[in-house]
Amino acid sequence: MTGNQTAQGPKHKRDLTRRKVVVAGAGAAAAVGVGGTLAAGAFAGETSGSASAGATASSSSSSAEACYRLTSETTEGPYYIDADKLRQDVTEDQEGIPLTLRLKVIDSETCKPIKNAAVDIWHCNALGVYSGYEDMGSGGGGGGGTPPSGEPTGEPPSGEPSGGPGGGGGVHQEPTDDERYLRGTWKTDRNGQVVFKTVFPGWYQGRCVHIHTKVHVNGAWTDAGYEGGNTCHTGQLFFDEESVLASAEVEPYSTNTTTRTTLDDDTIYPGNGTEGGLLKLKYKKNDIAKGVVATITMGADPEATNTGS
């Protein structure tokens, strides 16, 4: 366990984590009412991918599922928006390399899937801009900022970048607009799996390429979305350097002039592979523009509370 993990508090305090998700369209409410069975196979022609590497296997286990360490907790960052849209396709009108994100959530002690969990994802677009915070720019690359000079250094800033879109470190910032692209929440199925459709993220000053995620459990799905429970995981998902370099050759990423921080130089990535959120990627090596499939299995403690504050 790393980061800001604390034991779950008294019930009256846990109730303060009450949250609601705005249902995006009439179909979304119906979808969550069928036991979440659409989560893993909601997109035509897709089958569930295998769990990513990085597991600690139990020699006595006869099941296909391996036992996992707790996935590293990281900062929530300043650009999380609660009451987000309940949907799997978060792309909206954003340009970029198609990305299918396959997440699986399991109990790190029992290795059993955590079903009916609410999983959030949010990330910047190809030019490093977060929806809801467009006025804050991206630190360069079309976001309204001034691109920094020089190559990535070995001493990037600590925490979330002050030179990123809007700065502010890791302290939550209030949204500046009503845009909500590249953000969404969906329900894990009985196998603990959830699939999102999005685009490959870009980058902004001081951070490597990443996706933010939260997992909420012990709450209730209602007509309004998801309420109550506790946030058992707050983390970030990362991309290897080879894939990012390949994406940088594709428009509109190639127009992002912001100096990029590498995975090794990033101060948030814990440097421990899958346990730290490093995604397993599959794409055509010479044509990443065709699309990327990213998978990871996240080990969580459903009784813990990790707010990422």
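Beyond 27 Å between alpha-carbons counts as too far, so tell me which of 85/284; 112/285; 214/280; 214/285; 112/282; 187/282 fall in that bin. Numbers along the way, then the final one.
Values: 85/284 31 Å; 112/285 34 Å; 214/280 19 Å; 214/285 30 Å; 112/282 25 Å; 187/282 24 Å.
Result: 85/284; 112/285; 214/285 exceed 27 Å.
Loop-only trypsin sites (Lys or Arg not before Pro) in the stretch 248-309, please: DSSP not H, G, I, E or B, and at most 14 other Cβ atoms within 10 Å.
Sparse-neighbourhood loop trypsin sites (Lys or Arg not before Pro): 284, 285.
Rounded to the nearest 10 Å², what accessible area does residue 95 show when all protein chains are kept and the probe is 1.4 Å?
Rounded to the nearest 10, the figure is 130 Å².
For residue 242 and residue 110, calculate 0.36 nm times their separation in residues minus their Cα-Cα distance, and state this gained length in nm to one decimal.
That pair, residue 242 and residue 110, stretches by 44.1 nm at full extension.
Can you pull the one-decimal nm distance between simple spin-label points at residue 284 and residue 264, each 7 Å off the Cα toward Cβ?
So the label points at residue 284 and residue 264 sit 3.1 nm apart.
The values are calculated or read from the model by the stated rules, or taken from the named source; none is laboratory data. Just so you know, these numbers come straight off a predicted model, no measurement behind them. Because the Cβ atoms are built from the backbone with ideal geometry, glycine has one as well, and the counts that use them run over all protein chains shown. With ligands, DNA and RNA removed, areas are computed over all heavy atoms of the protein, side chains included. Shrake-Rupley method; radii C 1.70, N 1.55, O 1.52, S 1.80 Å.
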